[in-house]
1. Go through (1) within 27 Å of MET114 (Cβ to Cβ); (2) in contact with a helix residue (DSSP H, G or I) (Cβ under 7 Å, 6 or more places away or on another chain); (3) not hydrophobic (A, V, I, L, M, F, W, C) and name the single condition ASP276 misses.
2. Look at GLY93 and say whether it is of a type outside the set (Phe, Trp, Tyr), surrounded by 17 or more Cβ atoms within 10 Å (Cβ to Cβ) and at pLDDT below 95.
3. Scan region 118-126 and give yes if some residue there is surrounded by fewer than 17 Cβ atoms within 10 Å (Cβ to Cβ) and touching a strand residue (DSSP E or B) at 6+ places or on another chain (Cβ under 9 Å), otherwise no.
4. Can you say whether VAL292 is within 12 Å of LEU331 (Cα to Cα) and either assigned to a loop (DSSP other than H, G, I, E, B) or free of Cβ contacts under 8 Å to residues at least 40 places away in the same chain (or both), as far as the supplied structure shows?
5. Kindly indicate whether any position in region 126-136 is of a type in the set (Ser, Thr, Tyr) and closer than 24 Å to VAL2 by Cβ.
6. Looking only at residues that are aliphatic (A, V, I, L, M) and at pLDDT below 95 in region 1-41, which one is farthest from ILE278 (Cα to Cα)?
7. Filter region 188-209 down to residues that are hydroxyl-bearing (Ser, Thr, Tyr) and crowded, with 24+ Cβ neighbours inside 10 Å and give me whichever is farthest from VAL242 (Cα to Cα).
8. Restricting attention to region 215-273, and to residues there that are acidic (Asp, Glu) and part of a strand (DSSP E or B), which single residue is surrounded by the fewest Cβ atoms within 10 Å (Cβ to Cβ)?
Amino acid sequence: MVTLEQIKLAQQRIKGVAARTPLIRYFPPAEKRVTQSRSLEAKVPVKFTRGELWLKPESLQPIGSFKLRGAYNTIVSLSDEERRRGVISYSSGNHAQGVAYAARAVGAKAIIVMPRNASRTKMESTAALGAEIVTVGPASAERMKKAEDLAGKHGYTIVAPYNDEHIIAGQGTVGLEIVEDCTGVDLVLVPVGGGGLISGVATAIKLSGSHVKVIGVEPELANDAQQSLRKGRIVQLAAERVSSTLADGLRTQSVGPINFEHIQQFVDDIVTVTEDEIRAAMRKLALNARIVAEPSGAVTFAAWLFHAGELPESKQTVAVISGGNLEPQLLAQVLTDEAAGEHTS
């Protein structure tokens, strides 16, 4: 299990490389009358009666997501010989950019295995950071196997996207910042994919002696973590199912074993959101909070908007907006798509 000391060490390592992202207060636009679509109307609280909401935009990181924290903490922990041989990882996009950025910072070669259906924006950004890209099919298990095969053949060191203690410690710095910057926080909402971010955030918060509730959020179409937590064992979903969610950063088929151990120990619950709710949350973040969030980053805000009844009572909530790397065409569609569930007048 990751210790608080490991997370504090990671905080020192990433200082000056990863940004210490701010907490931004969300002010609902009370002066506007918003009519919800019939499919979403029943779930939306008329007023924000559960205290303040603060957004932590990891989209402000140099690579546009939180992934730089864990990737850099892992790569700087490697020996000189390991860095000389190069690193390899597997990712649908954000971790790919984190590894590429961190490897470039220390002068190491980076190879990234990505799915062919990965976001073009994320793939191009990864290549622009100097990484060599290898493409495979959509299954997360396929990406992992290809990376392991290449590592065995060429001697590369694998930088896992989530199932690694250095990764967890690096992502845990998000949790340290939250408890340091918002002393009255009592609820934290965190996106869940493979489990690296939520296991790190929850571990940092709970080991700091805080009584804050930590709730994970994932798409209904990729709810493996919710099922795993409730069944007490890791549940793996079909690649075809998880690939259908708009939240490409959360398309993992299962959480990692190391992550699951931390989730069971420190996470209070996991809730899910629909695809329409994710789109609506993205639109509200852009128009009302002036934050561009990718679908994976918007799931926490979607939970706040549409699933208040499933969340603990709170006076101060922090929603982690995990990233902002999305295709311009998708952003344009979300901002104009009436199917997102909002008509502002």
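The values are calculated or read from the model by the stated rules, or taken from the named source; none is laboratory data. Just so it is clear, the model here is predicted, and its values are computed rather than measured. Here the Cβ is made from the backbone with ideal geometry for all residues, glycine too, and neighbour counts use every protein chain on show.
1. Condition not satisfied by ASP276: (1).
2. Yes: the conditions hold for GLY93.
3. no
4. In short, yes.
5. Initial filter on region 126-136 (of a type in the set (Ser, Thr, Tyr)): 126, 135.
Then drop every residue that is not closer than 24 Å to VAL2 by Cβ, which leaves none.
The answer is no; no qualifying residue exists.
6. In this case the residue turns out to be ALA30.
7. THR203
8. Initial filter on region 215-273 (acidic (Asp, Glu)): 218, 220, 224, 240, 248, 261, 268-269.
Retained after the next criterion (residues that are part of a strand (DSSP E or B)): 218, 269.
Details: GLU218: 30, ASP269: 15.
Ranking the qualifying residues of region 215-273, first place goes to ASP269.
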